[in-house]
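Undergrad: Before I ask anything, let me first share the structure, which is written out below as structure tokens.
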Amino acid sequence: MHPTDQLVSPRDADTAYTSAVARPCHDREEIVRILTAAFTDDPVYHWALPLDVPERDRRLRACMRAEVDFALDHDGGAAVSADRTGVTLWQSPDTAPGPTAHEEFRERIAAAAGPAGERCLELARIESAHPADLPRHVYSGFTGVLPGAQGKGTSLGLAMAVLSHCRDQNAAMFALATCARNAALWARYGAHQCGETMLLPDGRTGLIPILIAADRIEESLAQLRDFAAQRAAEPR
């Protein structure tokens, strides 16, 4: 999932440009730390783990650890920004976990969420209900930037890391955007909405399925490089 304000266009930021480079990361604790902070105020997780849930921060961190382990234990990957403030996590094609792995993941999420277990399981169910007939794809599961570091172009590099993996795998990119603004920004890079918005039970919050076709990946990467170059050339 991609929380609000994570993909920032060149004109949106008031702060100095940060290097777009994002490198592979295998440090699960670092990935979890960044994602927990990035998603703590995300509307989807406000629904799944309400603010009044006891020990919410610890529970959110445990849920993120379950997500990270699920991806990386099944040949997924992650990249972290040069300044260690942003991370992206994906699942590779052709390595789909089997039913036993999914059941173990659901049990872990329910235990981590405690009194919000049913909500988090419902979120997991909605997330897994991907549109039918998706092409072979990399699932870009999470992209997050620390709240105090947003607006510096960090997500450009994170998006490039995901799309570079898509190019290497000759695969499309599929993701779930958590707001219309994020989906619109991805559209600038060649993505399109590939299914109906998947509403949560509150009827207000939803996940927007987006796709960049495999034959558009190289073009999308070129657009991201152009945006990064524009940011680098802006006055500081």
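Undergrad: Can you tell me which residue among Pro235, Pro201, Pro209 is out of contact with any Leu (no Cβ under 8 Å at 6 or more places or on another chain) and closer than 18 Å to Met1 by Cα?
TA: Checking each option against the conditions leaves just Pro201.
Undergrad: Which pairs have Cβ atoms under 6 Å, sit 6 or more apart or on different chains, and link a residue in the stretch 213-226 that is free of Cβ contacts under 8 Å to residues at least 12 places away in the same chain and under 11 Å from Ala171 (Cα atoms) to one that is open to solvent by 90 Å² or more (accessible area, probe 1.4 Å) and aromatic (Phe, Trp, Tyr)?
TA: From the stretch 213-226, no pairs qualify.
Undergrad: Taking the stretch 209-220 on its own, how many of its residues are of a type in the set (A, V, I, L, M, F, W, C) and either more than 17 Å from the chain's Cα centre (by Cα) or more than 24 Å from Gly195 (Cβ to Cβ) (or both)?
TA: The number of residues fulfilling the criteria is 3.
Undergrad: Could you tell me how many of the residues in the stretch 199-235 are polar (S, T, N, Q), open to solvent by less than 40 Å² (accessible area, probe 1.4 Å) and at pLDDT below 90? Don't jump to the end; show me each part of the working.
TA: Kept after step one, since they are polar (S, T, N, Q), are these residues of the stretch 199-235: 205, 220, 223, 230.
When the remaining residues are screened for being open to solvent by less than 40 Å² (accessible area, probe 1.4 Å), the result is 205, 220.
Filter once more, keeping what is at pLDDT below 90: 205.
Summing the residues that are polar (S, T, N, Q), open to solvent by less than 40 Å² (accessible area, probe 1.4 Å) and at pLDDT below 90 in the stretch 199-235 gives 1.
Undergrad: Okay, moving on. With respect to Leu146, determine if the residue is touching a Phe, Trp or Tyr at 6+ places or on another chain (Cβ under 9 Å) and open to solvent by 10 Å² or more (accessible area, probe 1.4 Å).
TA: When the stated conditions are applied, Leu146 does not pass them.
Undergrad: Being open to solvent by 30 Å² or more (accessible area, probe 1.4 Å) and part of a loop (DSSP other than H, G, I, E, B) is the filter here, so list the residues in the stretch 82-130 that pass it.
TA: Once the filter is applied, which keeps residues that are open to solvent by 30 Å² or more (accessible area, probe 1.4 Å) and part of a loop (DSSP other than H, G, I, E, B), the stretch 82-130 yields Ala82, Asp83, Arg84, Asp94, Thr95, Ala96, Gly98, Ala129, His130.
Undergrad: Here is a further query. For the stretch 184-198, enumerate the residues that are in a loop (DSSP other than H, G, I, E, B), more than 15 Å from Val138 (Cβ to Cβ) and modelled with pLDDT under 90. It would help to see each step written out before you state the result.
TA: First, pick out the residues of the stretch 184-198 that are in a loop (DSSP other than H, G, I, E, B): 188-191, 194-197.
With the extra rule that they be more than 15 Å from Val138 (Cβ to Cβ), the set shrinks to 188, 195-197.
Within the stretch 184-198, just Arg188 meets the criteria.
Undergrad: Name every residue in the stretch 149-183 that is open to solvent by less than 30 Å² (accessible area, probe 1.4 Å) and outside any helix (DSSP H, G or I), in order of residue number.
TA: Gly151, Gly153, Ala171, Ala172, Met173, Phe174, Ala175, Leu176, Ala177, Thr178, Cys179
Residues are listed down the side, and each one gets a yes or a no for (1) in contact with a Cys (Cβ under 9 Å, 6 or more places away or on another chain); (2) among the aliphatic types (A, V, I, L, M):
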{"residue": "Ala110", "(1), (2)": "yes, yes"}
{"residue": "Glu127", "(1), (2)": "no, no"}
{"residue": "Ala132", "(1), (2)": "no, yes"}
{"residue": "Pro135", "(1), (2)": "no, no"}
{"residue": "Val138", "(1), (2)": "yes, yes"}
{"residue": "Thr143", "(1), (2)": "no, no"}
{"residue": "Ser164", "(1), (2)": "no, no"}
{"residue": "Ala175", "(1), (2)": "no, yes"}
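Residues are listed down the side, and each one gets a yes or a no for (1) touching a Leu at 6+ places or on another chain (Cβ under 7 Å); (2) over 25 Å from Val138 (Cβ atoms); (3) touching a residue at least 12 places away in the same chain (Cβ under 8 Å):
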| residue | (1), (2), (3) |
| --- | --- |
| Asp42 | no, no, yes |
| Leu51 | no, yes, no |
| Phe70 | no, no, yes |
| Asp75 | no, no, yes |
| Ala78 | yes, no, yes |
| Asp83 | no, no, yes |
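Undergrad: Turning to a different aspect of this structure: Find all pairs meeting these conditions: Cβ atoms under 6 angstrom apart; at least six residues apart or on different chains; first residue within the stretch 123-140 and in contact (Cβ under 8 Å) with a residue 40 or more places away in the chain; second residue surrounded by fewer than 13 Cβ atoms within 10 Å (Cβ to Cβ) and part of a helix (DSSP H, G or I).
TA: From residues that are in contact (Cβ under 8 Å) with a residue 40 or more places away in the chain, there are no pairs.
The values are calculated or read from the model by the stated rules, or taken from the named source; none is laboratory data. This one's a predicted model, so the numbers in the text were calculated from it and none came from an experiment. Glycine also receives a Cβ, built like all others from the backbone with ideal geometry; neighbour counts cover every protein chain displayed. Note: accessible area is taken over every heavy atom of the protein model, side chains too, but ligands, DNA and RNA are not part of it. Shrake-Rupley method; radii C 1.70, N 1.55, O 1.52, S 1.80 Å.
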